[in-house]
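Notes for the one structure printed next.
Where a number appears in this text, it was derived from the coordinates with a stated rule and is not lab data. What you see is a predicted model, and the numbers here were worked out from it, not measured in a lab. Note that we place each Cβ from the backbone using ideal geometry, even for glycine, and neighbour counts take in every protein chain shown.
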Amino acid sequence: MAAAVFHQAIGTSQSLGHRNNSGRHQEIGNGSTKLIFKGSNVELGLSKKECKRSSLRIQASSSQTSVADPVLSPSNKNTKEPRKKSNEAALILIRHGESLWNEKNLFTGCVDVPLTKKGVEEAIEAGKRISNIPVDMIYTSALIRAQMTAMLAMTQHRRRKVPIIIHNESEQARSWSQIFSEDTKRQSIPVIAAWQLNERMYGELQGLNKQETADRYGKEQVHEWRRSYDIPPPNGESLEMCAQRAVAYFKDQIEPQLLSGKNVMIAAHGNSLRSIIMYLDKLTSQEVISLELSTGLPMLYIFKEGKFIRRGSPVGPTEAGVYAYTRNLALYRQKLDEMLH
Ligand SMILES: O=C(O)[C@@H](CO)OP(=O)(O)O
């Protein structure tokens, strides 16, 4: 029953840490032509061939289901196996919108800072870009900036399902947040908040101004702390350490959802997403140094036949290119159009 959807992934949801922001930029070319990772001073271009090379191969077995929303096909309404077998699912990654400490240029890490007005607008804009892409499950970090981003983005979604945060932290929380209508459940999207997706813990840099820290310790040292793979900032996490929990969570909890055909959105942070993208795109520890993610930029991957195929950032809800990627996405969009007209 639909309740299963709401409670299955919850076993692992927890409320701990945090992570966050930065001022840098990665630009992911729209569509599949070109990726450009821009750092403050760094630029790395990947050709189409290179992108292809870096797309992930995952040891995954067979059963996957449809990108099409089961609610839209009445025949699936009352079945225990709500989805048809299919080969693909959509994965949307989104870094949170600008936070108040991004704005002040402070190291944020696990400090739980909300979005600025600009961050709110970025999240809404991101939501418009993905408003025609199916979302069955949402994963966020335990931090408010990622959760705000996910929720604000979903206000723009045309399917109008209600994102609902799953509270599994105690038996009472589970019991008190139950939903007693199967139909209402079907019109909802479970949102799992997991500390493992939090920003890297920035140790003794948290709260310090990035520019002042560079003036004090030197630009190179600070760049190493911020972008190297295996050098941690003082008493903080390196990207490698961050990957150990973020990528493990992705593999253990999120990949199985994709394998079962669920379309997933992840709202998280600059570095937790860098580590996940490193895994998805098979970037080397050298390549990941140049990977920068802009705030509020959604990135689409198609999970198909055990592989992650990077599809760039949808430019807007009507961008024809996105829907040319897969037949299922096009069908979903068409059904939304029919439903909403
Ligand atoms: O301050 C932070 O938490 C992070 C992410 O915004 O900054 P950086 O760009 O240094 O990784």
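Using the Cβ-Cβ distance between Thr155 and His223 with R0 = 30 Å, the FRET efficiency computed as 1/(1 + (r/R0)^6) comes to roughly 0.25. A crude spin-label estimate for the pair Arg186 and Asp252, with each label 7 Å from Cα along the Cβ direction, gives 3.4 nm.
Under a Cβ-Cβ cut-off of 10 Å, what is the net charge of the residues other than Leu340 that fall near it, where Lys and Arg count +1 and Asp and Glu count -1?
Numbers: positive: Arg158, Arg159, Arg160, Lys335; negative: Asp337, Glu338.
Charge balance near Leu340 sits at +2.
Which net charge results when you count Lys and Arg as +1 and Asp and Glu as -1 among the other residues whose beta-carbon is under 12 Å from that of Ala214? Display every interim value, and only then the final one.
Details: positive: Lys210, Arg216, Lys219, Arg226; negative: Glu212, Asp215, Glu220, Glu224.
The answer is 0.
Using r as the Cβ-Cβ distance of Asp215 and Ser177, and R0 as 41 Å, what FRET efficiency do you calculate, to the nearest 0.05? Can you show the working numbers first?
Values: r = 48 Å, r/R0 = 1.17.
About 0.30, to the nearest 0.05.
Sorted into 5 angstrom bins from 0, the C-alpha pair distances of the stretch 158-248 split as 3, 12, 15, 14, 10, 9, 10, 9, 9, 6, 2, 1 percent.
Exactly which trypsin sites (Lys or Arg not before Pro) in the stretch 238-341 are in a DSSP loop and have at most 15 other Cβ atoms within 10 Å? Let's see the in-between values first.
Details: sites: Arg245, Lys251, Lys262, Arg274, Lys282, Lys304, Lys307, Arg310, Arg311, Arg327, Arg333, Lys335; in loops: Lys262, Lys282, Arg311.
Loop-located and lightly packed - Lys282.
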